[in-house]
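Novice: Take this structure first; my questions come after.
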Amino acid sequence: MTAALATALFIPLRKAAVFFIPFLAILIFWFVMSYFISSGNDFTLAKRIAVLLPLGGNPYVLMLVTGVVGGLAGGITAIFGKQLSLVLAGRK
(Lines give C-alpha, C1' and ligand atoms only; values in the text may rest on other atoms or scores of the structure.)
Protein backbone atom coordinates (compact mmCIF):
# COMPACT_ATOMS: atom_id res chain seq x y z
CA MET A 1 0.00 0.00 0.00
CA THR A 2 2.99 2.27 0.52
CA ALA A 3 3.75 2.05 -3.20
CA ALA A 4 0.22 3.16 -4.10
CA LEU A 5 0.42 6.06 -1.65
CA ALA A 6 3.82 7.19 -2.94
CA THR A 7 2.71 6.86 -6.55
CA ALA A 8 -0.35 9.00 -5.95
CA LEU A 9 1.71 11.59 -4.08
CA PHE A 10 4.44 12.04 -6.66
CA ILE A 11 2.93 11.07 -10.03
CA PRO A 12 0.06 13.29 -11.19
CA LEU A 13 -2.77 11.02 -12.30
CA ARG A 14 -6.22 12.28 -13.20
CA LYS A 15 -9.77 11.17 -12.51
CA ALA A 16 -10.33 7.40 -12.52
CA ALA A 17 -6.67 6.60 -13.25
CA VAL A 18 -5.85 7.54 -9.65
CA PHE A 19 -7.81 4.49 -8.50
CA PHE A 20 -7.54 2.02 -11.37
CA ILE A 21 -3.79 2.07 -12.09
CA PRO A 22 -2.79 1.12 -8.50
CA PHE A 23 -5.80 -1.23 -8.33
CA LEU A 24 -4.68 -3.19 -11.38
CA ALA A 25 -1.01 -3.13 -10.41
CA ILE A 26 -1.63 -4.56 -6.95
CA LEU A 27 -4.27 -7.02 -8.21
CA ILE A 28 -1.78 -8.47 -10.70
CA PHE A 29 1.05 -8.44 -8.16
CA TRP A 30 -0.99 -10.23 -5.47
CA PHE A 31 -2.35 -12.78 -7.96
CA VAL A 32 1.11 -13.61 -9.27
CA MET A 33 2.65 -13.77 -5.79
CA SER A 34 -0.11 -16.03 -4.48
CA TYR A 35 0.31 -18.26 -7.52
CA PHE A 36 4.05 -18.64 -6.98
CA ILE A 37 3.67 -19.21 -3.25
CA SER A 38 0.88 -21.77 -3.71
CA SER A 39 2.55 -23.61 -6.58
CA GLY A 40 5.38 -24.55 -4.21
CA ASN A 41 3.08 -26.92 -2.32
CA ASP A 42 0.78 -27.93 -5.19
CA PHE A 43 -1.94 -25.49 -4.06
CA THR A 44 -2.75 -27.64 -1.01
CA LEU A 45 -3.46 -24.80 1.41
CA ALA A 46 -5.21 -22.71 -1.25
CA LYS A 47 -7.54 -25.62 -2.03
CA ARG A 48 -8.40 -26.05 1.65
CA ILE A 49 -9.13 -22.36 2.12
CA ALA A 50 -11.17 -22.29 -1.10
CA VAL A 51 -13.33 -25.09 0.35
CA LEU A 52 -13.97 -23.02 3.50
CA LEU A 53 -15.12 -20.05 1.44
CA PRO A 54 -17.97 -20.33 -1.07
CA LEU A 55 -15.55 -20.70 -4.01
CA GLY A 56 -16.22 -24.30 -4.94
CA GLY A 57 -12.75 -25.40 -3.88
CA ASN A 58 -11.10 -23.59 -6.80
CA PRO A 59 -7.72 -22.17 -5.70
CA TYR A 60 -7.50 -19.87 -8.74
CA VAL A 61 -10.71 -18.09 -7.78
CA LEU A 62 -9.27 -17.68 -4.29
CA MET A 63 -6.16 -16.07 -5.79
CA LEU A 64 -8.37 -13.75 -7.84
CA VAL A 65 -10.40 -12.80 -4.76
CA THR A 66 -7.25 -12.02 -2.78
CA GLY A 67 -5.99 -9.96 -5.71
CA VAL A 68 -9.22 -7.97 -5.82
CA VAL A 69 -9.07 -7.33 -2.07
CA GLY A 70 -5.49 -6.13 -2.39
CA GLY A 71 -6.37 -4.04 -5.42
CA LEU A 72 -9.22 -2.35 -3.58
CA ALA A 73 -6.93 -1.54 -0.68
CA GLY A 74 -4.31 -0.17 -3.06
CA GLY A 75 -6.83 1.90 -5.00
CA ILE A 76 -8.29 3.42 -1.85
CA THR A 77 -4.78 4.15 -0.58
CA ALA A 78 -3.97 5.87 -3.88
CA ILE A 79 -7.08 8.04 -3.58
CA PHE A 80 -5.92 8.99 -0.09
CA GLY A 81 -2.47 9.82 -1.48
CA LYS A 82 -3.99 12.01 -4.20
CA GLN A 83 -6.09 13.87 -1.65
CA LEU A 84 -3.02 14.29 0.56
CA SER A 85 -1.03 15.71 -2.36
CA LEU A 86 -3.83 18.21 -3.05
CA VAL A 87 -3.86 19.28 0.60
CA LEU A 88 -0.07 19.66 0.67
CA ALA A 89 -0.11 21.60 -2.62
CA GLY A 90 -2.69 23.98 -1.17
CA ARG A 91 -0.36 24.92 1.68
CA LYS A 92 2.32 26.36 -0.60
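The values are calculated or read from the model by the stated rules, or taken from the named source; none is laboratory data. Quick caveat: nothing in here was measured; it's all calculated off a predicted structure. For neighbour counting, all protein chains shown are included, and Cβ atoms are generated from backbone atoms with ideal geometry for every residue, glycine included.
Novice: When you go through V61, V87, V69 one by one, which is the residue that is hydrophobic (A, V, I, L, M, F, W, C) and modelled with pLDDT under 95?
Specialist: V87 is the lone residue from the list that is hydrophobic (A, V, I, L, M, F, W, C) and modelled with pLDDT under 95.
Novice: Can I ask one more? So how many residues does the range 19-58 have that are more than 16 Å from the chain's Cα centre (by Cα) and either exposed (fewer than 13 other Cβ atoms within 10 Å of the Cβ) or of a type outside the set (D, E, K, R) (or both)?
Specialist: 22
Novice: For the range 54-92, give me each residue that is closer than 20 Å to M33 by Cα, without any contact (Cβ under 8 Å) to a residue 40 or more places away in the chain and aliphatic (A, V, I, L, M).
Specialist: Selection gives L55, V61, L62, M63, L64, V65, V69.
Novice: Answer yes if at least one residue in the range 32-44 is in contact (Cβ under 8 Å) with a residue 12 or more places away in the chain and among the charged types (D, E, K, R), and no otherwise. Before you say what the answer is, go through the steps one by one.
Specialist: As a first pass, look at the range 32-44 and keep what is in contact (Cβ under 8 Å) with a residue 12 or more places away in the chain: 34-35, 38, 43.
Narrowing further to those that are among the charged types (D, E, K, R): none.
No; the residues of the range 32-44 include none that is in contact (Cβ under 8 Å) with a residue 12 or more places away in the chain and among the charged types (D, E, K, R).
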